[in-house]
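To start, the structure under review is shown below, and the notes come after it.
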Amino acid sequence: MIYLDNNATTQIHPEVVDAMLPFLHENYGNPSAGYSLGKTARRAVEHAREQVASLIDAEPNEIVFTSCGTESINTALRSATGSFPDRRHLITTTAEHSATVQPCLDLERQGYQITRVGIDETGLPNVAEFEETLDQNQPAAVASVIWANNETGVISPIDELANIAREKGILFHTDAVQAVGKIPVSVRETPVHLLSISGHKIHAPKGVGALFINRSIRFSPLIFGGGQESERRSGTENVASIVGLGKAAELAQHPSEKTCNIRDDFENHILSRFDFVSVNGDTEQRLPNTSNLHFRGLDAEAILILLDQEGVCCSPGSACSSGAKNPSAVLTAMGFDEAHAKSSVRFSFSSMNTASEVDEVLEILGRILPRIQAVMPSDDSPVSVH
Ligand code: PLP
């Protein structure tokens, strides 16, 4: 099996598994308990908090553990709207993941104004439009912009956007689920107020995430109960997974260039061999692991099925929209038509992929693409294979 769907989820790193195991076996204490077993769990959670904080240049007490990236994002948006009840306006973009899109739609149903800033044909948000929106509308409770897009890997100018929001006195949240661990992220250099992280995108398990909350802002929780996480997120801590997230954050401190080299190799080979393939999205401002390719005239579903039969896993876009009838909202927002979106496949790599896997996938594509081409209805743009 060759796994090239690392933006959907990643394999848990063996060192992460090793770090977690004692907390699934003998160290099962509740971190709130006062006896030694509980204190061992507490120490492990606090160590993980330091590891996650260190990855993004935060203070440990600015990190709150959650159950996933989606919860972090929902918490950030609810906290901002709860903290500024008189600001019934939110600003976001047309490039967001459903974890942002859906809570915004819910707020819209409750009467909030939601302004969605457009993206250009390379997937980059329009900074001038963002600034105009801040100037021309009622003050927003929060502006929320994805740091790196899960489908195209395009990296938003978060520094610029966060600074604009800060100047205008607007809270700024970023969905950094795909950015953290892949590119340098520093909450001290980039002045965001809230930032969402997910464990399973960085070789930690599923079901754990974190929210950075800048120490200077007002915060109101999404989940109330026993007052864990300094009253910011109740619920007994998922100790083993939090330990896993901490270890994964430590391992991600020094991302190697290997993933980028592998992705570039793959992409360069494909682009030079098949003249009907092009890259979706900006190739400069892009995650080092993502390659979203348009196979002109070919059906992405057919490519994915044949790749799957050969043991290769990749995705038509966002894993969350896989199986959905609608074409990718992000590619559509970039101005591509339905046919373009439905001919696009996302390959996403990790440090666990190897150069020989890339060779194998290139060889497989060399066999299956002409097969698909042979059964597709002919159009006016003939496909040629070098
Ligand atoms: N944001 C982005 C950009 C994502 O890619 C994902 C997951 O696909 C999420 C948010 C949601 O994260 P989680 O699966 O941890 O809820």
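Are any residues in the stretch 56-82 more than 16 Å from the ligand (Cβ to nearest atom), in contact (Cβ under 8 Å) with a residue 24 or more places away in the chain and not charged (D, E, K, R), and if so, which ones?
ALA58, ASN61, SER79, ALA80, THR81, GLY82
Within 16 Å of the ligand (Cβ to nearest atom), open to solvent by less than 60 Å² (accessible area, probe 1.4 Å) and either outside any loop (DSSP other than H, G, I, E, B) or not charged (D, E, K, R) (or both), is that true of LEU222?
The answer is no for LEU222.
Among the numbered conditions (1) open to solvent by less than 50 Å² (accessible area, probe 1.4 Å); (2) of a type in the set (A, V, I, L, M, F, W, C); (3) touching a strand residue (DSSP E or B) at 6+ places or on another chain (Cβ under 7 Å); (4) more than 16 Å from the ligand (Cβ to nearest atom), tell me where LEU298 comes up short.
Condition not satisfied by LEU298: (3).
So which residues in the stretch 121-133 are within 16 Å of the ligand (Cβ to nearest atom) and in a loop (DSSP other than H, G, I, E, B)?
GLY123, LEU124
Looking at the stretch 156-180, I want the residues that are without any contact (Cβ under 8 Å) to a residue 60 or more places away in the chain and β-branched (Val, Ile, Thr) and have a partner that is surrounded by fewer than 24 Cβ atoms within 10 Å (Cβ to Cβ) and assigned to a helix (DSSP H, G or I) with Cβ atoms under 6 Å, at least 6 apart or on another chain. Which pairs are those?
ILE164/GLU131; THR174/ILE158
Right, GLN136: surrounded by fewer than 17 Cβ atoms within 10 Å (Cβ to Cβ) and in contact with a His (Cβ under 6 Å, 6 or more places away or on another chain) or not?
no
Of the residues in the stretch 230-255, how many are surrounded by 14 or more Cβ atoms within 10 Å (Cβ to Cβ) and either closer than 27 Å to ILE183 by Cα or among the small types (Gly, Ala, Ser) (or both)?
18
(1) more than 16 Å from the ligand (Cβ to nearest atom); (2) out of contact with any helix residue (DSSP H, G or I) (no Cβ under 6 Å at 6 or more places or on another chain): which one isn't true of ARG215, the others all being true?
Among (1) more than 16 Å from the ligand (Cβ to nearest atom); (2) out of contact with any helix residue (DSSP H, G or I) (no Cβ under 6 Å at 6 or more places or on another chain), ARG215 violates only (2).
Kindly evaluate GLU108 against the criterion of being within 23 Å of ASN126 (Cα to Cα), touching a strand residue (DSSP E or B) at 6+ places or on another chain (Cβ under 8 Å), among the charged types (D, E, K, R) and in a helix (DSSP H, G or I).
yes
Can you tell me which residues in the stretch 268-277 are touching a Ser or Thr at 6+ places or on another chain (Cβ under 9 Å) and open to solvent by 10 Å² or more (accessible area, probe 1.4 Å)?
LEU271, ASP275
Checking the condition closer than 29 Å to GLY281 by Cα, of a type outside the set (Gly, Ala, Ser) and within 14 Å of the chain's Cα centre (by Cα), which residue from ILE202, ILE119 passes?
ILE202
Exactly one condition in (1) open to solvent by less than 10 Å² (accessible area, probe 1.4 Å); (2) touching a residue at least 60 places away in the same chain (Cβ under 8 Å); (3) within 14 Å of the ligand (Cβ to nearest atom) is not met by HIS203; state its number.
Unmet condition: (1).
If the requirement is being under 19 Å from the mean Cα position of the chain (by Cα), of a type outside the set (D, E, K, R) and modelled with pLDDT of 95 or more, which of these qualifies: GLY181, GLY227?
The match here is GLY181.
Out of everything in the stretch 97-118 that is away from the ligand (no atom under 14 Å from the Cβ) and of a type in the set (Val, Ile, Thr), what residue ends up being surrounded by the most Cβ atoms within 10 Å (Cβ to Cβ)?
Across the stretch 97-118, the extreme among qualifying residues is VAL117.
The values are calculated or read from the model by the stated rules, or taken from the named source; none is laboratory data. Treat the numbers as computed from the prediction; the structure is a model and nothing was measured. Cβ: placed from backbone, ideal geometry, glycine included. Neighbour counts: every protein chain shown. Just the protein is used for accessible areas: all its heavy atoms, side chains included, with ligands, DNA and RNA removed. Shrake-Rupley method; radii C 1.70, N 1.55, O 1.52, S 1.80 Å.
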